[in-house]
Amino acid sequence: MKIAVCVSHVPDTATKIKIADDSKTIDPNGVTYIINPYDEFAVEEALKTKEKFGGEVVVISVGSESNKESIKKALAMGVDRGILLKDDNPRDSFGVAKVLAEEIKNEQCEIVFFGKQSVDYDNSITGQLTAELLGYQCISVVVDLKFEGEKVIAEREIEGGREVVESRLPVVITAQKGLNEPRYASLKGIMAAKKKVIEEKPAAGSKPTVEILKMHKPPAKQPGRILGTDSSVVPELVRLLREEAKVI
Ligand SMILES: Cc1cc2nc3c(=O)[nH]c(=O)nc-3n(C[C@H](O)[C@H](O)[C@H](O)COP(=O)(O)OP(=O)(O)OC[C@H]3O[C@@H](n4cnc5c(N)ncnc54)[C@H](O)[C@@H]3O)c2cc1C
């Protein structure tokens, strides 16, 4: 069974993000990048699937040379080989999906894992677009997964509960937190990863279907106000909550 897992390389969630002078991109200075946290669940599930059914897992990332760090993380966890589809310019989700779909088709992978969301641009759409371009089934926000022959049975997280669905191969799965507990890369895994191949190919150009016009931060929060310390302020507090904050 040939399995693909797609990973994005994102600013660490603990990093303070600054908007660049062009107001359209993130200032990369001082930003630490990591593998997208949801993609760790995708990598773990790809590895568990291989351990059960055999085959090969290939990790694919679209982006610049620095994306190799996230590819290496997946290799250290146990993925067999990596592919970097190189492009030094940010592209929209459709542009990412298009080159991923072409590569997955070349690789003839029957099961493809994605994270449910990339925590930089948050579009939550790349897995679904890739499935559509490939003509594969797609099950999103998956928290439990079983393969029985050609059958795929998954549990999806929905508002207030879970939904159990059935589909068939070939399939794209987008992973939600809770699907598994991603393994740590062992020292042996890290050493083994150094010998694993990362193939580098130029990503075919793509015209953006969605253009970023502007990025801005939310308005600064107003400082808190203390009206007083005894019950005499309650009427004024109620008035402010009703007329200013408009929350009651
Ligand atoms: C500062 C910055 C610099 C960037 N530089 C580049 C660049 O030089 N070149 C470039 O091509 N893109 C670049 N990007 C885009 C980036 O690689 C991602 O493609 C993009 O941020 C994904 O956002 P999304 O909301 O579309 O993903 P979502 O749709 O939210 O992602 C869902 C899932 O799709 C998969 N996925 C998403 N993006 C990728 C990817 N790139 N490769 C493989 N799988 C993916 C992951 O499994 C992810 O969990 C940059 C983004 C940022 C914020």
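The values are calculated or read from the model by the stated rules, or taken from the named source; none is laboratory data. Because the structure is a prediction, the values reported are computed rather than measured. A quick note on method: Cβ atoms are made from the backbone with ideal geometry, for glycine too, and the neighbour counts reach across all protein chains shown. Surface accessibility is based on the protein's heavy atoms, side chains included, excluding ligands, DNA and RNA. Shrake-Rupley method; radii C 1.70, N 1.55, O 1.52, S 1.80 Å.
Per q in 0.07, 0.12, 0.13, 0.19 Å⁻¹, report the Debye log10 I(q)/I(0) for segment 2-202, using one uniform scatterer on each alpha carbon and no solvent. For the requested q values the scattering log ratios are -0.19, -0.57, -0.67, -1.42.
What the chain shows is 59 Å² of accessible area per residue, with the surface traced by a 1.4 Å probe over protein heavy atoms. Counted over segment 158-224 with a bin width of 5 Å, the fraction of Cα pairs per bin, in whole percents, is 3, 7, 8, 8, 11, 14, 17, 18, 10, 4, 2, 0.
Using only Cα atoms, tell me the angle between helix 234-243 and the longest principal axis of the chain; keep it within 0 to 90° and round to the nearest 10. Between the helix axis and the principal axis of the chain, the angle is about 60 degrees. Can you give me the angle between helix 37-53 and the longest principal axis of the chain, using Cα atoms only, in degrees from 0 to 90, rounded to the nearest 10? So the helix axis and the longest Cα principal axis differ by about 30 degrees. Of the peptides 151-157, 111-117, 60-66, the ranking by mean beta-carbon count within 10 Å, highest at the top, reads 111-117, 60-66, 151-157. Taking all protein chains as shown and a probe of 1.4 angstrom, ASP27 keeps an accessible surface of around 30 Å². Mean sequence separation of contacting Cα pairs (under 8 Å, at least six apart), scaled by the length of the chain, corresponds to a relative contact order of 23 percent. Under 5 Å from the amide H of VAL152 lie the amide H atoms of SER167, ARG168, LEU169, each residue being 5 or more positions distant or on a separate chain, with H modelled from the backbone and absent for Pro and chain starts. For ILE34, the amide hydrogen comes within under 5 Å of the amide hydrogens of VAL10, ASP12, counting only partners 5 or more places away or on other chains and with H modelled in the peptide plane.
Considering only protein heavy atoms and a 1.4 Å probe, what is the carbon-and-sulfur percentage of the accessible area of segment 2-202?
On the way: 4880 of 10030 Å².
Solvent-exposed carbon and sulfur of segment 2-202 make up 49 percent of the total.
Near the amide H of ASP87, within less than 5 Å, lie the amide hydrogens of GLY63, SER64, ALA203, all on another chain or at least 5 residues away, with H placed in the peptide plane.
For a quick protection proxy, order the peptides 125-132, 18-25, 159-166 by their average other-Cβ count within 10 Å, most packed first.
Numbers: 125-132: 22.1, 18-25: 11.6, 159-166: 9.2.
Result, highest mean first: 125-132, 18-25, 159-166.
Among TYR184, TYR121, the order of accessible area from largest down is TYR184, TYR121, computed with a 1.4 Å probe on protein heavy atoms. Axis angle, to the nearest 10 degrees, between helix 93-107 and the longest C-alpha principal axis of the chain: 20 degrees.
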